[in-house]
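Take a look at the structure below.
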């Protein structure tokens with residue numbers, strides 16, 4: 001009898017351990033919302049964030065598509081390494097993953113700002129200097145509204161922004177306006193259409209794409225303070241990773257010289273951004 005009970009205890013403990021181990025594996029796997037097929041160990045791990053066309057989105061078949069996706073694959077070929085693209089839910093998670101070494105670089109139409117240059121290396125690859133962003137409304141701009149200051153004088157105003165983006169930091173300077181953080185451009189459009197937000201703030205490239213697709217959207221331009229101005233888009237690499245930094249800089253330079261990068265900018269309507 002003792003032997004049977006002892007055996008049952010061992011079996012129970014083994015089963016519990018197996019369940020516990022499975023939960024750990026599932027939790028670990030949930031760190032990434034989506035990822036490409038498992039790549040070889042020498043793959044370049046690139047973090048992106050879907051929901052922001054034309055840089056990256058997910059098509060009807062669940063595939064990653066966009067300017068950054070195409071360029072990342074070309075970059076991998078120039079470096080002679082396979083590419084593993086991982087989709088994260090927010091910029092904050094992307095930055096954390098880079099800092100912790102879970103990814104090698106970030107491709108996410110990432111603005112080059114003074115603040116970010118102090119935290120990470122940023123290799124310019126597309127875009128122009130941005131001195132303004134767009135405040136987008138549904139159907140019409142309210143009477144008398146020509147900037148954020150005039151909107152701030154009205155009561156109960158809500159403006160949607162991308163978390164940790166330039167727009168997010170800009171709205172911190174207008175505390176009387178409720179700031180609403182949303183993870184994708186599609187969520188922002190839905191929010192203004194349903195009246196949950198008064199408007200949303202996005203960069204020119206994103207705004208043009210949205211306005212072209214939805215004629216009921218309208219906008220005004222909002223000048224950026226000097227310390228929030230954007231100096232193009234950059235590929236983020238962890239500080240002090242000189243080897244990878246130099247390799248990426250050389251690869252981007254080659255892609256520019258061969259015209260491959262310019263061709264992608266035209267394909268994804270980014271030329272001149």
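The values are calculated or read from the model by the stated rules, or taken from the named source; none is laboratory data. Everything quoted here is computed from the prediction, not taken from an experiment. Using ideal geometry, Cβ is built from the backbone for each residue, glycine included, and neighbour counts are taken over all protein chains shown.
Only residues that are within 13 Å of residue 199 (Cβ to Cβ), in a loop (DSSP other than H, G, I, E, B) and either at pLDDT below 95 or in contact with a helix residue (DSSP H, G or I) (Cβ under 9 Å, 6 or more places away or on another chain) (or both): list them for segment 143-159, please.
Residues satisfying the conditions are 145, 157.
Failed condition for residue 140, given (1) part of a strand (DSSP E or B); (2) farther than 29 Å from residue 257 by Cα, with all others met?
Evaluating residue 140 over (1) part of a strand (DSSP E or B); (2) farther than 29 Å from residue 257 by Cα leaves (1) as the failure.
Exactly one condition in (1) touching a strand residue (DSSP E or B) at 6+ places or on another chain (Cβ under 9 Å); (2) over 16 Å from residue 166 (Cα atoms); (3) crowded, with 18+ Cβ neighbours inside 10 Å; (4) at pLDDT 95 or above is not met by residue 234; state its number.
Looking at each condition in turn, residue 234 falls short on (2).
Mind telling me which of the residues 239, 253, 271, 183 ends up being within 18 Å of residue 74 (Cβ to Cβ) and modelled with pLDDT under 95?
On the way: 239 fails: within 18 Å of residue 74 (Cβ to Cβ); 253 fails: modelled with pLDDT under 95; 183 fails: within 18 Å of residue 74 (Cβ to Cβ).
After ruling out the rest, the residue left standing is 271.
Which residue, of 201, 182, 261, 170, is touching a strand residue (DSSP E or B) at 6+ places or on another chain (Cβ under 9 Å) and over 26 Å from residue 155 (Cα atoms)? Talk me through it step by step, then tell me what you get.
Working: 201 fails: over 26 Å from residue 155 (Cα atoms); 182 fails: over 26 Å from residue 155 (Cα atoms); 170 fails: over 26 Å from residue 155 (Cα atoms).
Result of the check over 201, 182, 261, 170: 261.
From the set of residues in segment 184-211 that are touching a residue at least 60 places away in the same chain (Cβ under 8 Å), over 19 Å from the mean Cα position of the chain (by Cα) and not in a loop (DSSP other than H, G, I, E, B), which is nearest to residue 143 (Cα to Cα)?
Taking segment 184-211 and keeping what is touching a residue at least 60 places away in the same chain (Cβ under 8 Å), we get 184-187, 198-211.
Next, from what is left, pick out any that are over 19 Å from the mean Cα position of the chain (by Cα): 198-199, 211.
With the extra rule that they be not in a loop (DSSP other than H, G, I, E, B), the set shrinks to 199, 211.
On the way: 199: 14, 211: 20 Å.
Filtering segment 184-211 for residues that are touching a residue at least 60 places away in the same chain (Cβ under 8 Å), over 19 Å from the mean Cα position of the chain (by Cα) and not in a loop (DSSP other than H, G, I, E, B), the one nearest to residue 143 (Cα to Cα) comes out as 199.
Could you list, in sequence order, all residues of segment 60-90 that are in a loop (DSSP other than H, G, I, E, B), modelled with pLDDT of 95 or more and within 17 Å of residue 185 (Cβ to Cβ)?
Hit for segment 60-90 is 66, nothing else.
Tell me, yes or no, whether segment 212-230 has at least one residue that is part of a strand (DSSP E or B) and at pLDDT below 95.
At the first step, the residues of segment 212-230 found to be part of a strand (DSSP E or B) are 217-223, 230.
This time we only want the ones that are at pLDDT below 95, so: 230.
Yes, the conditions are met somewhere in segment 212-230.
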